[in-house]
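What follows draws every value from the coordinates through simple rules; no lab data is involved. Just so it is clear, the structure is predicted and the values come from calculations on it, not from any experiment. Heads up, the Cβs are rebuilt from the backbone with ideal geometry, glycines too, and the neighbour counts pull from every protein chain shown.
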Amino acid sequence: MASNANRTEDGERGEPKRWTATRKMEVILRHMRGEPLDSLSREIGVPASQIEEWHQAAIKGVEASLKSRAGEPCAGRAGSGEKADR
């Protein structure tokens with residue numbers, strides 16, 4: 001019986017040549033949805049520590065994007081005393 005552990009999501013055999021941001025995000029989302037880190041690591045052939053680094057980088061990126069004030073409706077009204085939730 002052949003193992004699917006060395007298959008990429010598109011069915012190719014072997015390890016991918018490069019982990020794109022999209023592919024990393026797919027792995028991170030699977031982990032965030034509850035898939036165990038050790039089984040993901042075995043399936044994709046990447047150390048669990050590397051997946052955890054991707055996860056931490058993703059969390060930092062989300063946090064930074066949420067802190068951004070560019071494009072916020074009340075960005076120019078700071079200190080005006082008006083609420084943004086009208």
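What to note about this one:
- Cβ crowding within 10 Å averaged over residues, with 26-38, 54-66 ranked highest first: 26-38, 54-66
- The Cα-based radius of gyration and maximum Cα-Cα distance (Dmax) for region 21-63 are 9.5, 29 Å.
- Summing Lys and Arg as +1 and Asp and Glu as -1 over all other residues whose Cβ lies under 12 Å from the Cβ of ILE51 gives a net charge of -2.
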